[in-house]
Amino acid sequence: MKVMIVVTHLLGAGHLSRAATLARAFVTAGHQALILSGGYAAPHLNFSGLSLVQLPPLASNGTDFTRLLNGDGEIATPDYLAQRVAQVIENVRESKPDVLITELFPFGRRSLSTEFLGLLDASRSLAVKPLILASIRDILAPPSKRAKAVKAEEVLLEYYDGVLVHSDPSIIRLHESWPVSDKIIKLLYYTGFVAPDPAAEQPDAVGRGEVLVSAGSGSVGDDLFECAVDAAKLSCLSWRFMVGGVNSNERIEALQRRAGPLGKTIGPVRQDFRQMLTGAKASVSMCGYNTTMDLLQSGCPSVLVPFDDGGEVEQTLRSRALSRLSAIKVIKTENLQADLLASAVDEVTAAGPRSPLGLKMDGARQSVEYVEKMIMDHRV
């Protein structure tokens, strides 16, 4: 079967990374998978063996997801957005997918509703209507108004055949962040967490025995990095910093100046981050979905500083659920201090690595199995 996954990441690249993992699972199972990506390019991600179509890119203006920036960093014009709509519709008409998966929409990406609704209408007008599914992470941004939840439900009931919830329900259920009505419940398929296969050890032992500090691939986390540099000066452990974002060079240089002799351990994000975690002493990071999957899968002792800029609560809710596990310590941004961070690192390293046994980490494979069964029912 042919699967099209439509995703637009606006801040970090977590949504795109999860879509790529899902697409790879379909390819591994013998299916065709096409990713239609509407965010900025993410060269640090691995798309080998996958089909990727890049739309005219968009990004958010920081955490303001209502002000969308084009590929030049300027406010996207109506013509620019209309060009995207036209390309989305053209791609679905040409591809004629058996399965269409929208990442996050209609639970999020409301600023792109015209684009997604155009995609859904074009899909329904195909000679053979595809199975239409939403793909969402464990925690969503709770709707600020009930009307937003009602609108999402209306779209789900009109267009969608199911919702793939990429979570282990024994740890996090959707109702912890989203109002789940009786009508929505029947559409939910809990897949387990979506993560790549467990990483092998880093072949050159990079990161082994170190405290790894990261904040994803976006231009966020300056307060975390600055505090971690100061905490490293108080620690007897070796710390390594991996900085992302389109302005990563400037951010790295600023941190190197702050770090002094420790500056040599400050560099850009790395594709082998997951491998490095297998031998790391501890991790200091935010609590985005993909980073969390890497931490759970590796068992690396972790200090989590959930991202909460602009009133964001997703990572706070996730970190609250994860704090019940061993060797995990959560520090709110408002409480972030060097001595507290250094102490927290000592605490989680003393607790030792966690075992990933019992966690449902095969969400990509389980998603494929759900879709294979649904497409058979859909064709009957």
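The values are calculated or read from the model by the stated rules, or taken from the named source; none is laboratory data. These figures come from a predicted structure and were not determined experimentally. Neighbour counts run over all protein chains shown; Cβ positions are idealised from the backbone, glycine included.
Keeping to region 89-110, report how many residues are surrounded by fewer than 18 Cβ atoms within 10 Å (Cβ to Cβ) and closer than 27 Å to P143 by Cα.
The first filter runs over region 89-110 and keeps only residues surrounded by fewer than 18 Cβ atoms within 10 Å (Cβ to Cβ), leaving 89-90, 93-94, 96, 110.
Now drop any that are not closer than 27 Å to P143 by Cα, which leaves 110.
Total satisfying the criteria: 1.
Taking region 323-344 only, how many residues are aliphatic (A, V, I, L, M) and crowded, with 19+ Cβ neighbours inside 10 Å?
Of region 323-344, the ones aliphatic (A, V, I, L, M) are 325, 327-328, 330-331, 336, 338, 340-342, 344.
In the following step, the residues that additionally are crowded, with 19+ Cβ neighbours inside 10 Å were identified as 327-328, 330-331, 341-342, 344.
Total meeting the criteria: 7.
In region 80-100, what residues are out of contact with any strand residue (DSSP E or B) (no Cβ under 7 Å at 6 or more places or on another chain) and among the acidic types (D, E)?
E90, E94
Where in region 110-196 are the strands (runs of 3 or more DSSP E), entirely inside, with at least 1 residues that are of a type in the set (A, V, I, L, M) and touching an Asp or Glu at 6+ places or on another chain (Cβ under 9 Å)?
On the way: elements: 131-136, 162-165, 188-190.
Those strands (runs of 3 or more DSSP E) span 131-136, 162-165.
Would region 95-102 turn up any residue that is closer than 25 Å to K148 by Cβ, under 18 Å from the mean Cα position of the chain (by Cα) and among the polar types (S, T, N, Q)? Talk me through it step by step, then tell me what you get.
Filtering region 95-102 down to residues closer than 25 Å to K148 by Cβ leaves 100-102.
Right, trim to under 18 Å from the mean Cα position of the chain (by Cα) and you get 101-102.
In the following step, the residues that additionally are among the polar types (S, T, N, Q) were identified as 102.
Within region 95-102, one or more residues are closer than 25 Å to K148 by Cβ, under 18 Å from the mean Cα position of the chain (by Cα) and among the polar types (S, T, N, Q).
Scan (1) in contact (Cβ under 8 Å) with a residue 24 or more places away in the chain; (2) closer than 25 Å to R270 by Cα for the single condition M4 breaks and write down its number.
(2)
Would you mind telling me which numbered condition in (1) of a type in the set (A, V, I, L, M, F, W, C); (2) on the phi > 0 side of the Ramachandran plot; (3) modelled with pLDDT under 95 L104 fails?
(3) is the only condition that L104 fails.
Residue under question is Q315, and the condition is that it be modelled with pLDDT under 95, of a type outside the set (V, I, T) and in contact with a Phe, Trp or Tyr (Cβ under 6 Å, 6 or more places away or on another chain); does it hold?
On the way: modelled with pLDDT under 95: yes; of a type outside the set (V, I, T): yes; in contact with a Phe, Trp or Tyr (Cβ under 6 Å, 6 or more places away or on another chain): yes.
Yes.
If D339 satisfies every condition in (1) assigned to a helix (DSSP H, G or I); (2) touching a residue at least 12 places away in the same chain (Cβ under 8 Å); (3) closer than 18 Å to L296 by Cα but one, which is the exception?
(3)
Can you tell me which condition C227 does not meet? The list is (1) under 27 Å from A350 (Cα atoms); (2) within 19 Å of the chain's Cα centre (by Cα); (3) in contact (Cβ under 8 Å) with a residue 40 or more places away in the chain, and all the others hold.
(2)
Given the structure, is I185 hydrophobic (A, V, I, L, M, F, W, C), closer than 16 Å to I136 by Cβ and in contact with a helix residue (DSSP H, G or I) (Cβ under 8 Å, 6 or more places away or on another chain)?
Details: hydrophobic (A, V, I, L, M, F, W, C): yes; closer than 16 Å to I136 by Cβ: yes; in contact with a helix residue (DSSP H, G or I) (Cβ under 8 Å, 6 or more places away or on another chain): no.
Criteria not met by I185.
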